[in-house]
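Peer 1: This is the structure, below, for whatever I ask next.
The values are calculated or read from the model by the stated rules, or taken from the named source; none is laboratory data. Quick caveat: nothing in here was measured; it's all calculated off a predicted structure. In this analysis, Cβ positions are derived from the backbone assuming ideal geometry, glycine residues included, and neighbour counts consider all displayed protein chains. Side chains included, ligands, DNA and RNA excluded: accessible areas come from the protein's heavy atoms. Shrake-Rupley method; radii C 1.70, N 1.55, O 1.52, S 1.80 Å.
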Amino acid sequence: MAASLFVLVVLVTLGITLWAGRRSRAAEDFYAGGREFSPLQNGFAISGDYMSAASFLGVTGLIALYGYDGLLYTIGFLVGWLLVLMLVAELVRNCGRYTLADVLSLRMRQRPVRAAAGISSIVVSLFYLLGQMVGAGSLVALLLHLHSAASRDWSIVGIGVLMVVYVTVGGMKATTWIQIVKCVLLLGGTLLLTVLVLVRFHGDLGTLMRSAAHDSGQGSAYLLPGLHFGHSLTDQLDFISLGLALVLGTGGLPHILARFYTVPTARAARRSAIWAIGLVGSFYLMTIVLGLGAAAVIGGPALRAANAAGNTAVPQLAGAMGGTVLLALTSAVAFATILAVVAGLTLASSTSFAHDLWARAFRHPGEPQPSEHQEVVVARIAAVVIGALAIVLSLYAQKLNVAVLVGIAFAVAASANLPALIFNLFWHRFTTRGATWAIYGGLIPCLALVVISPVVSGNAAAIFPTAHFDWFPLQNPGLVSVPCGFLFGWLGTVTSRRHADPDAYAELEVRALTGAGAA
């Protein structure tokens, strides 16, 4: 049953890819889906991109294991959308064409800004990809009863191959339609499971919470702060760091920003964000019920025995509530979720490489500009290379909770991409040096702190558990790296020898606010 549904999901998504691939000819089709999607369609696609394995599997697992502290991930993921709606959606759609670098280079020197923004976007996408593919390995292993390490490794390889096919053949059109289908399936499956949990506890949330606390193995501490983040100063700082990354990171995620280019107007982009807020908000409210339900029905010890990071809590709950059929359906939905999100991430990173790095940043002044067809060919090759790199890295990160990995991706986006984007849109003195310093000044400290954090070494759940170079105590570096991004952006601007062009900023401001001259 489970294997049949997995095969069905793969066949349907491949069919969508082949159908869309035949309709994608120009670069605008590959990068932006021809800008022909409606706000409702794009709202579902954005939600599909955002409601990833980190949300469905990772966040629900953290709530099931840690109660109150796991709930904090839900709040952070949701609140970030308000920033996107107010500051990013409409302005980015007006100023850019395909990528974040398009927005920055509108008033800056192209080569240094595109190089910095392109590298940063690829790094963010890779961290996000790790979270999705680690979740895929856990899910497929649980469903198909693959208990060996080699079996999980081959599951990750299979997911990686599929995502490369989606991107290279179908581009943005295929990825968007896969996201729409996946979003409908995910919301439907989550709603069904939520209703079953509420019916089991007669709609009494108080009883559900008490049962979850009792069966979690943690007692009353389950419903109080500190179970996951602890009570020490370091633990509290880690919580603040995570919250900062989740709230600010959404506005700097390259695959989310790219979604606003698939609609024809800025007004449509804003309406897309409003639809996404409603859909994403509904989903995250249901993950709270699912997390508590998993703790109450399965129990904390059984959840940890199946997967120490809690990544299999939802499939286990589905199996307990509806038997083999519901387990298979839920896992197929989660599988579709992973396939769709990894395709979007791979497309965003390959677009950044081809459109920003290869076509512009790596070219000498006076060198002829490549054609759009050449760009698309390079983007497809880049998708293969990035997919292979994501597969290799994922094999070393299988013990980490997928929400933790995605939290790091949010930290990179909030540290490197968001400061440059905000300064560029709202500070008339912002310069090219400021933009590059903001990106590198957030990116490099963020990556360096991750390397020397408990995520990589020093504990049983780390990538290298027997090594001990965990000198930075926080799991998420956002508390340090996000201020670094803003600080270096300011410092680079005030020390720049070249002053900002006031006419270029005036043009950007008019374009951002009115849409005049937008692609």
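Peer 1: Working out 0.36 nm times the residue gap between Trp154 and Val184, then minus their Cα-Cα distance, what length gain in nm do you get to one decimal? Present the calculation step by step, with values, prior to reporting the outcome.
Peer 2: Values: separation 30, 0.36 × 30 = 10.80 nm, distance 2.83 nm.
Value of the extension gain: 8.0 nm.
Peer 1: Compute the angle between helix 313-351 and the longest alpha-carbon principal axis of the chain, please, reported from 0 to 90 degrees and rounded to the nearest 10.
Peer 2: Relative to the chain, helix 313-351 is tipped by roughly 10 degrees.
Peer 1: Measure nothing but the geometry: give the 0 to 90° angle between the long axis through the Cα atoms of 502-514 and the longest principal axis through the Cα atoms of the chain, rounded to 10°.
Peer 2: 50 degrees
Peer 1: Ok, one more. In the P(r) worked out for the range 10-98, what percent of Cα pairs fall beyond 18 Å? Walk me through the numbers before you get to the answer.
Peer 2: Numbers: 2434 of 3916 pairs.
Within the range 10-98, distances greater than 18 Å cover 62 percent of Cα pairs.
Peer 1: What number do you get for the range 349-391 when its Cα radius of gyration is normalised by 2.2 N^0.38 Å, N = residues?
Peer 2: Values: Rg = 10.9 Å, N = 43, 2.2 N^0.38 = 9.2 Å.
Rg over 2.2 N^0.38 Å, computed on Cα atoms: 1.19.
Peer 1: What number results when the radius of gyration of the range 3-43, computed over Cα atoms, is divided by 2.2 N^0.38 Å? Each step should come with its number before you reach the end.
Peer 2: Numbers: Rg = 13.1 Å, N = 41, 2.2 N^0.38 = 9.0 Å.
Output field value: 1.45.
Peer 1: Another question, if that's okay. Let me test this: with uniform point scatterers at the alpha carbons of the range 177-281, what is the Debye-based log₁₀ I(q)/I(0) at q = 0.17 1/Å?
Peer 2: With no solvent term, the Cα-only Debye profile gives -1.07.
Peer 1: Roughly how many Å² of Ser220 are accessible to a 1.4 Å probe, to the nearest 10?
Peer 2: 90 Å²
Peer 1: Calculate the FRET efficiency for Leu205 and Arg304 from the Cβ-Cβ distance with a Förster distance of 30 Å, rounded to the nearest 0.05.
Peer 2: Numbers: r = 24 Å, r/R0 = 0.81.
So, using R0 = 30 Å, E works out to roughly 0.80.
Peer 1: Let me ask another. Is the range 228-303 best put as rounded, prolate or oblate by its Cα gyration tensor, with a ≥ b ≥ c the root eigenvalues, rounded for a/c under 1.5, and otherwise prolate when a/b is larger than b/c, oblate when not? Let's see the in-between values first.
Peer 2: Working: a/c = 3.53, a/b = 1.61, b/c = 2.19.
Judged from the Cα gyration tensor, the range 228-303 comes out oblate (a/c at least 1.5, b/c at or above a/b).
Peer 1: On a 0 to 90 degree scale, rounded to 10, what angle separates helix 110-143 from the longest Cα axis of the chain?
Peer 2: 20 degrees
Peer 1: Write down the accessible area per residue of the range 395-519 in Å², having rolled a 1.4 Å probe over the full set of protein chains.
Peer 2: On the way: 5320 Å² over 125 residues.
Using a 1.4 Å probe on heavy atoms only, each residue of the range 395-519 averages 43 Å².
Peer 1: Could you give the semi-axes, largest first, of the ellipsoid that matches the range 428-519, computed as the square roots of 5 times the alpha carbon gyration tensor eigenvalues and rounded to whole Å?
Peer 2: Over the Cα atoms of the range 428-519, the semi-axes work out to 39, 15, 8 Å.
Peer 1: What net charge do the residues around Gly226 carry, taking every other residue with its C-beta under 10 Å from that of Gly226, with Lys and Arg at +1 and Asp and Glu at -1?
Peer 2: On the way: positive: none; negative: Asp69, Asp235.
Net local charge, Gly226 excluded: -2.
Peer 1: Largest first and to the nearest Å, give the Cα extent of the range 298-434 along each principal axis.
Peer 2: Answer, in whole Å and largest first: 64, 36, 25 Å.
Peer 1: For the range 63-200, count the residues as N, evaluate 2.2 N^0.38 Å, and divide the Cα radius of gyration by that value, please. Kindly include the intermediate steps, with their values, before the conclusion.
Peer 2: Numbers: Rg = 19.4 Å, N = 138, 2.2 N^0.38 = 14.3 Å.
Relative to the 2.2 N^0.38 Å estimate, the range 63-200 comes out at 1.35.
Peer 1: If you don't mind, there's one more thing I want to ask. Give the long-range amide H neighbours of Ser457: residues separated by 5 or more places, or on another chain, with amide H under 5 Å away, using H modelled in the peptide plane at 1.01 Å from N.
Peer 2: Under 5 Å from the amide H of Ser457: Ile463, Phe464.
Peer 1: Also: I need two numbers for the range 362-445: Rg to one decimal and Dmax as a whole number, Cα atoms only, in Å.
Peer 2: Cα-based Rg and Dmax for the range 362-445 come out at 17.4, 49 Å.
Peer 1: Relative to the present Cα-Cα distance, how much length would full extension add between Thr514 and Asp501 at 0.36 nm per residue of separation? Write down the numbers at each step before the final one.
Peer 2: Working: separation 13, 0.36 × 13 = 4.68 nm, distance 2.01 nm.
Contour length minus the Cα-Cα distance gives 2.7 nm.
Peer 1: May I pose another question? Report the equivalent ellipsoid semi-axes for the range 470-519 in whole Å, largest first, defined as the square roots of five times the eigenvalues of the gyration tensor built from alpha carbon atoms.
Peer 2: Working: eigenvalues 236, 62, 8 Å².
Each semi-axis is the square root of five times an eigenvalue, giving 34, 18, 6 Å.
Peer 1: What percent of all Cα-Cα pairs in the range 50-116 falls into each 5 Å bin, going from 0 up to the bin containing the maximum distance?
Peer 2: It works out to 3, 15, 16, 13, 12, 12, 12, 9, 5, 1, in whole percents.
Peer 1: Here's a follow-up. Probe radius 1.4 Å, ligands and nucleic acids ignored: give me the carbon and sulfur share of the accessible area of the chain as a rounded percent.
Peer 2: Numbers: 12870 of 18750 Å².
Its accessible area is 69 percent carbon and sulfur atoms.
Peer 1: Please report the Cα spread of the chain along all three principal axes, rounded to whole Å, starting with the longest.
Peer 2: Cα extents, longest axis first: 66, 53, 41 Å.
Peer 1: Sticking with this structure for a sec: Could you work out the Kirkwood radius for the range 188-248, taking every pair of different alpha carbons, averaging 1/r and inverting it, reported in Å? Kindly include the intermediate steps, with their values, before the conclusion.
Peer 2: Numbers: mean 1/r = 0.0718 Å⁻¹.
Radius from the Kirkwood sum: 13.9 Å.
Peer 1: For the range 345-392, with every protein chain kept in place, what is the accessible area per residue (1.4 Å probe, Å²)? Spell out each step's value before the answer.
Peer 2: Values: 2070 Å² over 48 residues.
In whole numbers, the range 345-392 has 43 Å² accessible per residue.
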